[in-house]
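Take a look at the structure below.
Every number in this text was worked out from the coordinates using simple rules, so none of it is lab data. In this text the structure is predicted, and so the values were computed from the model without any measurement. For neighbour counting, all protein chains shown are included, and Cβ atoms are generated from backbone atoms with ideal geometry for every residue, glycine included.
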Amino acid sequence: MPEETGRYRAPLWASLAGTFLGIGRIHPGPGTWASAATVLLWAAFARALMPPQRTPVAIALALLVTVIGIPSATRVARGAGVKDPQVVVIDEVAGQLIALIAVPLAWKSFLAAFILFRVFDIVKPPPVRQLEALPEGTGIVVDDVAAGLYALAIMHLFLHFGLLT
């Protein structure tokens, strides 16, 4: 069902995308559920790809989700009458996908990427928290993109130093 407040109603596409097909309605912790679903979906999808395809596909998916996420988050937030409604979890999908870029297909890597992204998304170190101040869907999504970039950097440091073997 599209988000609705007063006279404004978010388009169905925006509601479905913004809530990641309704995962944003799962409580408690809709963002954590969306991140977990993203890891599981990527694990299944990445296994079907040839190794040289995985990194470019992960980057392309993260970009696509971000580009779709900003307008969908804007429309759902307007419909809900809230700056950053909890049901909008497309931002977690984008950030989690970023944290999974060029990560080996192994449960330890997936778990580490999941934990790192959730920590950076919750703690919001500078400038992640400041990015929330950007207008509408941009602020909703871009702070999670930044949290994903932090998680990605730490993931690759762990991998470089052999901490996930």
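Quick look at the numbers
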| item | result |
| --- | --- |
| Between region 27-77 and region 85-146, the alpha-carbon center distance in angstrom | 10 |
| Overall dimensions of region 1-152 as given by Cα atoms, namely Rg and Dmax in Å | 14.8, 49 |
| Cβ crowding within 10 Å averaged over residues, with 94-100, 27-33, 138-144, 57-63 ranked highest first | 94-100, 138-144, 57-63, 27-33 |
| Phi-based couplings in Hz for region 19-24 (Karplus 6.51, -1.76, 1.60; Gly and Pro marked x) | 9, 6, 6, x, 4, x |
| Order by protection proxy (mean Cβ within 10 Å, highest first), peptides 47-53, 122-128 | 122-128, 47-53 |
| Label-point separation in nm, Leu163 to Val82, each point 7 Å along Cα→Cβ | 3.4 |
| Estimated [θ] at 222 nm from DSSP helical runs (n ≥ 4, -39500 (n - 2.57)) normalised by residues in the chain, nearest 500 | -22500 deg cm²/dmol |
| Karplus-derived 3J(HN,Hα), 6.51/-1.76/1.60, for each residue of region 119-132, Hz, glycine and proline x | 4, 5, 5, 7, 6, 6, x, x, x, 4, 4, 5, 5, 4 |
